[in-house]
Amino acid sequence: MLPNKGLDIPYQQLLYQEQFRICQLDNNNTNEFTNQPHRHDHFQIIWLTRAKGRHMVDFVWYDVEDNMVFLLRPGQVHQLDCYREGYSIFFTEKFYFANKHDKETLYDYSNLFDNWHGYGPISVSDVTATALQGLVNLISNELNHQCCTNNRSIVKHYLNAVLLLAEREKKRNATETMMPLNHDARVVQLRRLLEQHYPTEHQVAFYANAFALTPKRLNEITKETTGRTVTELLHDRIVLEAKRNLAFSHKSIKEICYMLGFEDPAYFSRFFKNNTGISPQDFRDMMFK
């Protein structure tokens, strides 16, 4: 994998034309990204079969343990600070949904990587761990048979099974913690719109128009599904990107302000403080202590 050295927050990118990869995790198998905060331009499944330490995902540190899964969407900043054994699976949306038939027949993993109910790792049962190990072995074996013409399709269906197992374990974890998982296809689409437009579109009406709904109705839908209004979700996303750049880039606060669609740095500072309780400069100072 190649770094993009032009960015302040390092991006780990799949090699040119590479859309799927699986690798084994161990303390001796490291690269320039392993122990520093970085982000990906693809989806990642981290399965820690044995682990002790912690893992940071978007400014939150999680204690890790054996048989724990972390699901990472493109753009999330994370950092491993732990002893670990296990596997990391990387894939792109283009690899998984290569055509219309795939979208009609394969499991849609959009909800699986959704963290609007709060992000957290997934604890995996022993039974599921055994099944995951079998699938990892099958994937690895298939990748070693490059002469097979249907190699890609077979790997994709093994990945489909891995995602379904992860979804089942996520639901089991939610049941054990009494945390409901409500889903609405419109909220999944809203996430995609927010990801695409949050730096430039700060009004709820823009997103409501995309669904031919009133802002009030869209707020009702998101409130019921996520517990938060569209404005709160939008502000959360803007604040998260501001934090990422304040902590992991050399951009000035004024540059970050303009990058996120604000015209007045003073207003941006007030917005950030109202949502975090701390000014942008104080947050940056705190992160560099």
Checklist entry - Which number in (1) hydroxyl-bearing (Ser, Thr, Tyr); (2) more than 23 Å from Leu25 (Cβ to Cβ); (3) within 12 Å of the chain's Cα centre (by Cα) marks the one condition that Thr105 misses? => result (3)
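Yes/no per residue for (1) modelled with pLDDT of 95 or more; (2) loosely packed, with under 14 Cβ neighbours inside 10 Å; (3) hydroxyl-bearing (Ser, Thr, Tyr):
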| site | (1), (2), (3) |
| --- | --- |
| Val188 | no, no, no |
| Gln196 | no, yes, no |
| Leu240 | no, no, no |
| Glu255 | yes, yes, no |
Next on the checklist: Show me the strands (runs of 3 or more DSSP E) entirely contained within the range 51-167 in which 2 or more residues are assigned by TED's automatic domain parsing to the domain that holds Cys23 and in contact (Cβ under 8 Å) with a residue 60 or more places away in the chain.
Outcome noted: 68-72, 78-91
Checklist outcome for this item: Of the residues in the range 74-91 that are surrounded by fewer than 18 Cβ atoms within 10 Å (Cβ to Cβ) and under 19 Å from Arg192 (Cα atoms), the one that is modelled with the lowest pLDDT is Gly75
Next on the checklist: Could you check the range 214-236 and list, in sequence order, the residues that are surrounded by fewer than 17 Cβ atoms within 10 Å (Cβ to Cβ) and either touching a Cys at 6+ places or on another chain (Cβ under 6 Å) or closer than 22 Å to Cys257 by Cβ (or both)?
Outcome noted: Thr231, Glu232, Asp236
Next on the checklist: Criterion first (crowded, with 20+ Cβ neighbours inside 10 Å, at pLDDT 95 or above and of a type outside the set (Asp, Glu)) does Val64 satisfy it?
Outcome noted: yes
Next on the checklist: Tell me yes or no: at least one residue of the range 239-250 is part of a helix (DSSP H, G or I), more than 21 Å from the chain's Cα centre (by Cα) and without any contact (Cβ under 8 Å) to a residue 40 or more places away in the chain.
Outcome noted: no
Next on the checklist: For the condition more than 28 Å from Gln36 (Cβ to Cβ) and of a type in the set (Ser, Thr, Tyr), what is the one hit in Thr105, Thr92?
Outcome noted: Thr105
Next on the checklist: among the basic types (Lys, Arg) and free of Cβ contacts under 8 Å to residues at least 24 places away in the same chain: which single residue out of Arg284, Arg217 fits that description?
Outcome noted: Arg217
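I'm trying to understand the selection: among the residues of the range 198-238, which are small (Gly, Ala, Ser), within 21 Å of the chain's Cα centre (by Cα) and at pLDDT 95 or above?
Result: no residue meets the conditions.
Out of curiosity, is Asn99 modelled with pLDDT under 95 and under 18 Å from Ala247 (Cβ atoms)? Before you say what the answer is, go through the steps one by one.
Details: modelled with pLDDT under 95: yes; under 18 Å from Ala247 (Cβ atoms): no.
No, not satisfied.
Working only within the range 257-269, note down all residues that are more than 14 Å from His202 (Cβ to Cβ) and surrounded by 13 or more Cβ atoms within 10 Å (Cβ to Cβ).
Quick first cut of the range 257-269, residues more than 14 Å from His202 (Cβ to Cβ) only: 265-266, 269.
Pro265, Ser269 - these are the residues of the range 257-269 that are more than 14 Å from His202 (Cβ to Cβ) and surrounded by 13 or more Cβ atoms within 10 Å (Cβ to Cβ).
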Next on the checklist: Would you confirm whether or not the range 215-226 contains a residue that is outside any helix (DSSP H, G or I), farther than 21 Å from Asp285 by Cβ and in contact with a helix residue (DSSP H, G or I) (Cβ under 8 Å, 6 or more places away or on another chain)?
Outcome noted: no
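Consider the range 199-209. How many of its residues are surrounded by fewer than 16 Cβ atoms within 10 Å (Cβ to Cβ) and free of Cβ contacts under 8 Å to residues at least 60 places away in the same chain? It would help to see each step written out before you state the result.
Our first condition is that a residue be surrounded by fewer than 16 Cβ atoms within 10 Å (Cβ to Cβ); within the range 199-209, this holds for 199-200, 203, 205-206, 209.
Those still in the list that are free of Cβ contacts under 8 Å to residues at least 60 places away in the same chain too: 203, 205-206, 209.
Of the residues in the range 199-209, 4 are surrounded by fewer than 16 Cβ atoms within 10 Å (Cβ to Cβ) and free of Cβ contacts under 8 Å to residues at least 60 places away in the same chain.
The values are calculated or read from the model by the stated rules, or taken from the named source; none is laboratory data. These numbers were taken from a predicted model, which means no experiment stands behind them. FYI the Cβ positions are ideal-geometry reconstructions off the backbone, even for glycines, and counts take in every protein chain you see.
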